[in-house]
Amino acid sequence: MIYQRSSKLFKTAKNYLAGGVNSPVRAFKAVGGTPIFIKYAKGAYLFDEDGNKFIDYISSWGPMILGHAYESVINAISEIAKNGTSFGTPTEIETEIAKLVISKVSNIDKIRFVNSGTEACMSSIRLARGYTKRDKILKFAGCYHGHSDSFLIKAGSGASTFGVPTSLGITRGTSKDTLVADYNNLDSVKKHFKEFPDQIAAIILEPIAGNMGCIPPKLEFIQNLRRLCDNYGSILIFDEVMTGFRVGLGGAQESLKVNADIVAFGKIIGGGLPVGAFAASNKIMESLAPDGLIYQAGTLSGNPLAMIAGLTTLKEIVNDPDIYSRLEEKTKTLKFGMEKVLNKKGIPFKINMFGSMISLHFTETEVFDFISASKGDNNNFKKYFNGMLREGIYLPPSAYESCFLNDALSYDDIDFTLNAFDKVISSI
Ligand SMILES: *Cc1c(COP(=O)(O)O)cnc(C)c1O
């Protein structure tokens with residue numbers, strides 16, 4: 001495969017865009033090589049500037065669950081754009097999509113739309129803090145909640161309770177209010193509640209993790225988080241930016257049968273346009289401006305383009321609920337096929353999956369938290385990623401990301417992928 005034009009475009013981009021990209025993972029730093037510049041996409045495929053075709057296992061990191069350039073979504077966007085793209089006023093369509101989401105997701109009465117998953121999570125913790133009148137939040141190592149200050153924090157070393165920033169530019173004041181625990185490890189959570197019984201506003205987590213590979217939670221763990229929040233008067237926030245409308249219409253709340261107090265959305269809810277949202281019961285949402293004293297706003301929030309893309313995507317899913325079993329079957333086929341190849345070659349691996357999320361880890365031990373996910377052999381991952389790319393398979397360019405299948409993917413595509421996989425793994 002030739003990436004001549006992509007290389008050239010990246011070189012030029014680096015002169016004008018910080019690092020040549022608008023989101024770091026796209027720069028391929030973790031896997032080496034040149035980022036591929038995509039010209040267009042259709043269904044399950046991406047087409048790059050050099051004329052190469054790829055089977056896409058990222059689906060724009062989740063939103064394109066129906067496949068790329070899905071006809072009804074594109075038509076709806078084109079049609080509504082003719083009437084203007086943003087007015088900064090209420091529109092009917094905002095209520096329409098709100099009504100649909102609230103009817104499908106349990107435990108929420110009201111919703112507020114924003115422009116990204118980052119905003120959704122950032123606003124969710126402000127809401128939890130304002131509602132409980134407490135300062136601290138508890139998050140889990142390896143869970144991603146966007147790039148706002150409070151979340152770019154890792155556990156401090158040794159006996160220290162306070163988190164430390166994972167990025168420059170985050171104040172000590174901020175990091176001292178973020179407590180970090182280990183995913184799937186209840187004791188690490190209890191420890192913080194013991195130390196700060198009346199200061200923790202909320203636990204926030206990816207109820208099914210997708211940002212350290214795919215890590216399904218232990219059910220007991222999630223149930224116990226619910227219990228701890230009830231006992232200590234804290235809010236349980238499910239960051240369903242990834243899992244919302246991906247693992248089922250009701251999201252992880254439905255899959256795990258555990259209720260959250262605040263739910264954050266993104267990705268699929270915007271059907272490929274920049275949208276996030278957060279939602280909760282009437283009691284909690286009443287505290288939000290203009291009714292309450294917790295401020296949150298957005299110039300382009302709920303704009304008609306974004307809302308119609310989300311609404312049309314969600315309607316397609318609602319009208320075709322079998323999409324989830326189809327996606328899961330395809331993911332299983334992929335998983336079994338990969339397992340067969342890896343077993344034949346005797347390479348240590350773990351494959352995690354939940355619904356249409358799947359990740360391959362080159363490690364012998366179970367992958368259930370950030371530390372176990374970090375044990376993967378990154379050299380093997382690089383060879384795997386670049387080998388697959390040469391074969392025309394576009395995977396997430398980082399060992400810490402999950403693949404997302406879309407409904408346009410065919411069994412022929414999966415066969416093609418598995419043949420490529422056999423070839424690539426043989427050469428590792
Ligand atoms: C993608 C993601 C975010 C951030 O969403 P952006 O739209 O990129 O800001 C937050 N939480 C989770 C779980 C995500 O997967």
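Dipole magnitude of region 206-321 about its Cα centre, charges +1 at Lys/Arg Cβ and -1 at Asp/Glu Cβ only, in debye to the nearest 20?
So the magnitude is around 140 debye.
I want to check the label-to-label distance for residue 335 and residue 226. Put each point 7 Å from Cα in the C-beta direction and report it in nm to one decimal.
2.3 nm
Write out the chymotrypsin sites (Phe, Trp or Tyr not before Pro) in region 118-193 meeting two conditions: DSSP loop, and at most 16 other Cβ atoms within 10 Å of their Cβ.
Details: sites: 131, 140, 144, 151, 162, 183, 193; in loops: 144, 162, 183.
Qualifying residues, ordered by number: 162.
Find the accessible area per residue for the chain; the probe is 1.4 Å, ligands and nucleic acids are left out, and the unit is Å².
Heavy-atom SASA per residue in the chain reads 44 Å².
Pop the C-beta distance of residue 133 and residue 85 into the FRET formula with R0 = 35 Å and round what comes out to the nearest 0.05.
0.35
For the pairs 29/154; 99/139; 133/283, note any where the Cα-Cα span goes beyond 25 Å.
Long pairs (Cα-Cα over 25 Å): 99/139.
HN-Hα J couplings of region 60-76 from phi, Karplus 6.51/-1.76/1.60, θ = phi - 60°, integer Hz, Gly and Pro as x?
My calculation for region 60-76 gives 6, 6, x, x, 7, 5, 7, x, 6, 6, 5, 4, 5, 5, 5, 4, 5 Hz in order.
Give the carbon-plus-sulfur fraction of the accessible surface of the chain in %, rounded to a whole number; probe 1.4 Å, heavy atoms of protein chains only.
With neighbouring chains kept in place, the figure for the chain is 52 percent.
Past 23 Å, Cα to Cα: identify those pairs from 344/423; 11/267; 39/383; 176/267, in the order given.
Too far apart for the 23 Å limit: 11/267; 39/383; 176/267.
Which cross-chain or sequence-distant (5 or more) residues have an amide H under 5 Å from the amide H of residue 153, H modelled 1.01 Å from N in plane?
Result for residue 153 returns 166.
Would you work out which of 303, 185, 151 lies farthest towards the positive end of the dipole of region 72-318, given +1 charges on the beta-carbon of Lys and Arg and -1 on that of Asp and Glu, about the Cα centre?
Working it through, the farthest residue towards the positive pole turns out to be 185.
Using amide H atoms built in the peptide plane, which far-off residues or other-chain residues are under 5 Å from residue 183 H to H?
Amide H neighbours of residue 183, under 5 Å, 5+ apart: 141, 370.
For region 395-401, just list the computed ³J(HN,Hα) in residue order, Karplus coefficients 6.51, -1.76 and 1.60, θ = phi - 60°, integers in Hz, with x standing in for Gly and Pro.
9, x, x, 6, 5, 9, 10
Under 1.5 on a/c is rounded, so check that first for region 136-250, then, if it is not, pick prolate when a/b is larger than b/c and oblate when it is not; a ≥ b ≥ c are the square roots of the alpha carbon gyration tensor eigenvalues. Let's see the in-between values first.
Working: a/c = 1.75, a/b = 1.21, b/c = 1.44.
Oblate, because a/c is 1.5 or more while a/b does not exceed b/c.
Stretched out fully, how many nm does the piece from residue 412 to residue 95 gain, at 0.36 nm a residue minus the Cα gap?
110.1 nm
Any idea of residue 195's accessible area? Nearest 10 Å², probe 1.4 Å.
Solvent-accessible area, nearest 10 Å²: 90 Å².
Mind listing the long-range amide H neighbours of residue 215? Cut-off is under 5 Å, sequence gap 5 or more, other chains count too, H placed in the peptide plane at 1.01 Å from N.
Amide H to amide H, under 5 Å and 5 or more residues apart or across chains, residue 215 pairs with 209, 210.
Could you give me the ³J(HN,Hα) list for region 78-83, computed from phi with Karplus coefficients 6.51, -1.76, 1.60 and θ = phi - 60°, whole Hz, x at Gly and Pro?
With coefficients 6.51, -1.76 and 1.60, one gets 4, 5, 6, 4, 5, 8 Hz.
Would you please classify the overall shape of the chain from the alpha carbon gyration tensor, given that a ≥ b ≥ c denote the square roots of the eigenvalues, rounded means a/c under 1.5, and beyond that prolate means a/b larger than b/c while oblate covers the rest?
oblate
Sorting 101, 318 by accessible area (1.4 Å probe), largest first, what list results?
These residues rank, largest area first, as 318, 101.
Give me the distance in nm between label points sitting 7 Å out from Cα along the Cα-to-Cβ direction at residue 69 and residue 17, one decimal.
2.0 nm
Please give the net charge around residue 35, taking every other residue with its beta carbon less than 13 angstrom from that of residue 35, where Lys and Arg add +1 and Asp and Glu add -1.
Details: positive: 5, 8, 11, 14, 26, 29; negative: 48, 49, 50.
Counting the neighbours of residue 35, the net charge comes to +3.
Are there trypsin sites (Lys or Arg not before Pro) in region 1-109 that DSSP marks as loop and that have at most 16 other Cβ atoms within 10 Å, and which are they?
Counting only loop positions with at most 16 other Cβ atoms within 10 Å, the trypsin sites (Lys or Arg not before Pro) in region 1-109 are 29, 82.
Looking at region 124-207, which trypsin sites (Lys or Arg not before Pro) are in a loop (DSSP not H, G, I, E or B) and have at most 13 other Cβ atoms within 10 Å?
Those that pass, being in a loop and sparsely packed, are 133.
Suppose the chain between residue 194 and residue 171 were pulled fully straight at 0.36 nm per residue; how much longer would it get relative to their current alpha carbon spacing?
Computed gain between residue 194 and residue 171 is 5.8 nm.
Distance from the Cα centre of region 35-111 to that of region 401-428, in angstrom?
Centre-to-centre (Cα) distance: 24 Å.
Round to the nearest 0.05 the FRET efficiency obtained for residue 103 and residue 60 when R0 = 41 Å and r is the Cβ-Cβ distance.
After rounding, the FRET efficiency stands at 0.95.
The values are calculated or read from the model by the stated rules, or taken from the named source; none is laboratory data. These numbers were taken from a predicted model, which means no experiment stands behind them. Note that each Cβ is placed from the backbone with ideal geometry, even for glycine, and that neighbours are counted across all protein chains shown. Note: areas computed on protein heavy atoms with side chains; ligands, DNA, RNA excluded. Shrake-Rupley method; radii C 1.70, N 1.55, O 1.52, S 1.80 Å.
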